[in-house]
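Here's the structure, in structure tokens; my notes come after.
Nothing in this text is a laboratory measurement; each read-out follows from the coordinates by a stated rule. Please read all numbers here as calculations on a predicted model, not as lab measurements. Every residue, glycine among them, receives a Cβ derived from its backbone with ideal geometry; neighbour counts consider all protein chains shown.
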Amino acid sequence: METGSTIVGLGRYAPERTLANHDLARMVDTTDGWIRRHTGIEERRIAAAHEASSDLAYGAAREALEAAGTGPSDVDLIIVGTATPDMPFPNVSCLLQDRLGARSIGCLDVSCACSSFVYGLSVAHGAIVSGQADTVLVVGTDTLSRITNWRDRSTCVLFGDAAGAAVLRPAKPGSGFLSFALGGSGQGRHHLHLKAGGSRHPASHETVARGEHFLWMNGPEVYKFAVQTMPRAAADALRRARLAPDDVDFVIPHQANLRIIHSVSARLGVPMEKFFVNVQRYGNTSAASIPVALYEAVGAGRVSPGDVGVMVAFGAGYTWGACTIRWGGAA
Ligand code: ACO
């Protein structure tokens, strides 16, 4: 690629309240041991009553802009990935634009569930390399606690709330994002969805009585899909960048379940030491999972300029996406 794009600043916002596994054991028929064994999760954050996804996004975006040494007035495009917008419309990116005091720029929400951040990076990269934008703010934010059925032990132990943000700017040739591999298959809609509240099943007393305003998931089916698709997507992104698994210095996988991450490591042929994992402290935060993990990996010194990294996600839809990046290299 002639011109590229790269990440020049990262931010994170995590709500203050922590819900530990023993707290959940008092709410549903589960145990700390079961949750740790089956998922690796120990605790998750839960948004305060006054916090919605745009509030979480704002906290992460402010930190990312500051880290990038830039301000809201420099941003040319805002992309927000979320499955839990404050409301069906207006979109979260418009709410964020107003709250940040940014100019009247393009504001786009991406609805690819847990894959939204990788999809958002791909759109941002395209906007920069095509000359439509110079500085793009990409945020992943989700408040899954608001669509969780707290009586369903098979799902309520899995999720948490958070936001992560990245600022992208042009990169020198050969640096920054090297490839993207995105995918989707609507066949997966039967296994993971939130049925009511849209134009097919508008919210009504009946849909609420049936609990159709909550996320519903066939866990074992989603598990099978994840362990097959994530390594394939990551390998596809590596191939497109003419890289091999041995070239990889770090991997930021979607943080859904520690067992899934172990399986991806084995199938991709990249050792676990190169995977950054924080699912134990956050649970699955959907669109926020990859940017929060990347933020913490960079903060922990696990990513250095010139390192080659892979980010790989899967989510409802089904959707999936992976990208490769050579860290640093801002033009
Ligand atoms: N505590 C105790 N027992 C439980 C719990 C719980 N919280 N949840 C389920 N069980 C029981 C089940 O009832 C079942 O009991 P049975 O054998 O008597 O019927 C037993 O545990 C095993 O259940 P499985 O569902 O087979 O357990 P599994 O090992 O598959 O783990 C899990 C379940 C963790 C949900 C796993 O399937 C998984 O991680 N799936 C992928 C989930 C995922 O990644 N989702 C991403 C969503 S992305 C997005 O877009 C939002």
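Within 10 Å, count the other beta carbons around each residue, average over each peptide in 142-149, 88-95, and list them highest first.
142-149, 88-95
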Original post:
Using every alpha carbon pair in the chain, what percent of pairs falls into each 20 Å bin from 0 up to the bin containing the largest distance?
Top reply: 34, 59, 7
Original post:
Relative to the present Cα-Cα distance, how much length would full extension add between residue 304 and residue 134 at 0.36 nm per residue of separation?
Top reply: 58.8 nm
Subject >> Distance between modelled label sites at residue 280 and residue 3, nm, 7 Å Cα→Cβ extension >> reply: 4.4
Original post:
So for the range 1-124, Kirkwood radius off the Cα pairs, Stokes-Einstein at 10 °C and 1.306 mPa s: how many µm² s⁻¹?
Top reply: 96
Subject >> Which of 87, 48, 211, positive extreme of dipole for the chain (C-beta unit charges) >> reply: 211
Original post:
Given charges of +1 on the Cβ of Lys and Arg and -1 on the Cβ of Asp and Glu, with all other atoms neutral, how large is the dipole of the range 178-326 about its Cα centre, in debye to the nearest 20?
Top reply: 280
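Rounded to the nearest 0.05, what FRET efficiency do residue 50 and residue 218 have when you use their Cβ-Cβ distance and R0 = 41 Å? Don't skip to the end; give the middle numbers.
Values: r = 33 Å, r/R0 = 0.82.
For residue 50 and residue 218, the calculated efficiency is 0.75.
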Original post:
Treating the beta-carbon of each Lys and Arg as +1 and of each Asp and Glu as -1, no other charges, what is the dipole magnitude of the range 36-151 about its Cα centre, to the nearest 20 debye?
Top reply: 520
Original post:
Bin by bin, in steps of 5 Å, what percent of the Cα pairs in the range 137-240 do you find, going until the bin that has the longest distance?
Top reply: 2, 9, 13, 15, 19, 16, 11, 8, 5, 2, 1, 0
Original post:
Could you state the number of Å between the C-alpha centres of the range 114-145 and the range 1-68?
Top reply: 18
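Report the trypsin sites (Lys or Arg not before Pro) located in the range 49-105 that are in a DSSP loop and have at most 14 other Cβ atoms inside 10 Å of their Cβ, or state none.
On the way: sites: 62, 99, 103; in loops: 103.
Passing sites in the range 49-105 are 103.
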